[in-house]
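Okay, here's the structure, questions in a sec.
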Amino acid sequence: MIRIVQFLLLSCFVFICGISASYATASASVESQYTAARNAYIQLIKSPAKQKYRHNWDKVLKQLNHFTASYPTHDKAASAYYLLGKSYRQLYEISRITPDAQRAVDSFNTLATTYHTSSLADDALYLQAEIQQDILHKSAPARELCEQIISEYSHGDMVGKARLLLSKLPRDIATTRFTPPQKKLSSGKKEITAVRHQSDDKRTRVVVELSQKCEFKVNTLAPSQNGSGQIRLYFDIYGAQIGNNVSSAQNINRGPVKKIRLGRNREYTRMVCDLTELSKYNFFELNDPPRIVLDIAHSNETQLRADIPQLQAVPGAPTATTKGQQQIAALLNKVPDEQPMRVNLPDVARKQQGKLRIVVDAGHGGKDPGAVGYGNLYEKDVTLKLAKLLSARLKKHLNCEVLMTRTHDVYIPLQQRTAYANKVDADLFISIHANASTNKSAHGIETFYLNFSKNDKAVEVAARENGMSLKEVGDLELILFDLMANSKINESSRLASDIQSSLTRTLRGKYSNIKDLGVKQGPFHVLLGATMPSVLVEVAFISNKQEAKRLKSQTYQERSVDAIVDGVKSYLRSQKLLR
């Protein structure tokens, strides 16, 4: 009997030891997964060259996402979420894709809420606040996060930074409601619940209240060249119905704002501001409750809060604005790379009767270098040189007005480029780029216009120029149906064809191995929303050794822009706009 008891005790001991060993092995295995993910992150941070490519970040993100999803109760989970947020934040600096910044916010938010006792919780709150203010341009949530740090982590190492950031954040101004309060909405219903407005001597502020956050787009319709057109600023708010008690039209008649009108489309509700003249404007979002806020200046001398970056006109634009542009340009040059200045410029003067106005866009700029080619040649530098040359030649040979989206090395969001062209009532929009490929032997010239594209190569080019993934380019196509109804597709196709033909014909007479890649259609973000014929010209492959050397050549640059000018001339003659 004693031997049986001894045997049982020994068996239990062996069993318990086995469980302990297995647990220790499993724990060590989980720890090693975190260590591997952390080391992958550290190695990527040590390699600036590898950081430029999204697939390298995706490998790190995949490991960190797997760890946080599989082991949420592990003592390294908070650290993994911290690295996940940092990775998405640093990826945004390369991609310039807003969803990457939002994923960083989501990761830091999970850390701060789920692991609020972690020493990293206040760091996560502060990093969220920075992203909300500097990238997403949402001051209200940034303020709330800073106040939370000061209240809940008063002895932490982030409280000083939180107080400093809080002191720099703008405060919302009071507004006056002109629609009745709305009844409480059922969960999940997107609806405009109220519209409020207030005017003082300097501005009119319009606030659109929503039941929940909605995607929206903003654009302007400038008066036509003969001066008979209506001037309008409008928001398309996707998925939102108009509340029962919200008026479809309200007269304001303050400053340049005459009236606000609301109308429903199958896909969106459009809020239109009828204006007497184009003026500076800002817009931004607030939360709790969700709101879209629009400020319209009563005078172009009014200093509005800089929520939206506007664009620069080239020297030689109307004299009344040249001094202001030079002052702003000087300020932009002083801005550090990690925090580009956000400014508004006065509108340019109305076009002269019968005078052609062309907007030339130098692709990329500032923190967005574009493609980096042979010999460490940056696309943003090449496109700026070409755009300046093109602007000068267009003015000389066509006697037209030319404005540029940028005249210096500054970052400008893609959607603001065509918005600017619309705002100044441009007749043509030409965006200059240099192509790139992982295949170093790829070479040639191609010109694009906005349209649906089922061509994989065209979609890849669009993905690179848009700064978004191939999947997101596919999603982008879904909204083009509505945009295409108002865009100049046929004219853009003809303009692209004339420029492409002129470029290849001219350069083949001077250089060997000039390849005509043709005219193609693509969902290019920089062309979205343009109300005039618009094209994107890829003048050569910066990733190709021979073509990169040509792009650096002043002679090649001049011949290329002269060919583009000839292409524009050909298009204008076909449209009876030039003799």
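What follows is calculated from the coordinates using simple rules that are stated; it is not laboratory data. Please read these numbers as outputs of a predicted model, since none were measured by experiment. Here the Cβ is made from the backbone with ideal geometry for all residues, glycine too, and neighbour counts use every protein chain on show.
Just to confirm a number: summing +1 for Lys and Arg and -1 for Asp and Glu over residues other than Gly375 whose beta-carbon lies under 11 angstrom from that of Gly375, what do you get?
+3
Let me ask something else. Suppose each label sits 7 Å from its Cα in the direction of the beta carbon; what would the Asn439-Tyr511 distance come out to in nanometres?
Simple spin-label model gives 1.9 nm for this pair.
Sum up the charges of everything whose Cβ sits under 14 Å from the Cβ of Phe67, counting Lys and Arg as +1 and Asp and Glu as -1, but leave Phe67 out.
On the way: positive: Arg38, Lys59, Lys62, Lys76; negative: Glu31, Asp75.
Neighbourhood net charge equals +2.
Once the other residues with Cβ under 10 Å from the Cβ of Lys161 are scored (Lys, Arg +1; Asp, Glu -1), what is the net sum? All intermediate terms of the calculation are to be shown ahead of the outcome.
On the way: positive: Arg163; negative: Asp122, Asp123, Glu130, Asp157.
Summing Lys and Arg as +1 and Asp and Glu as -1 gives -3.
Could you compute the FRET efficiency for Thr555 and Lys367, with r as their C-beta to C-beta distance and R0 at 41 Å, rounded to 0.05? Mind showing how you got there, number by number?
Details: r = 31 Å, r/R0 = 0.75.
After rounding to 0.05, the efficiency reads 0.85.
For a paramagnetic label modelled at 7 Å from the Cα of Arg254 toward its Cβ, which residues of the stretch 189-205 fall within the zone defined by backbone nitrogen distances under 14 Å?
Of the residues in the stretch 189-205, 196-205 have backbone N under 14 Å from the label point off Arg254.
Going down the table (Lys46/Lys86; Lys168/Lys189; Lys423/Lys549; Lys395/Lys423; Lys52/Lys423), which pairs top 25 Å between alpha carbons? All intermediate terms of the calculation are to be shown ahead of the outcome.
Working: Lys46/Lys86 14 Å; Lys168/Lys189 35 Å; Lys423/Lys549 37 Å; Lys395/Lys423 20 Å; Lys52/Lys423 34 Å.
Those over the limit are Lys168/Lys189; Lys423/Lys549; Lys52/Lys423.
Let me ask something additional. Quick check on the exposure proxy: order Cys273, Cys146, Cys400 from fewest to most C-beta atoms within 10 angstrom.
On the way: Cys273 22, Cys146 28, Cys400 18.
Listing Cys273, Cys146, Cys400 from fewest to most nearby Cβ atoms yields Cys400, Cys273, Cys146.
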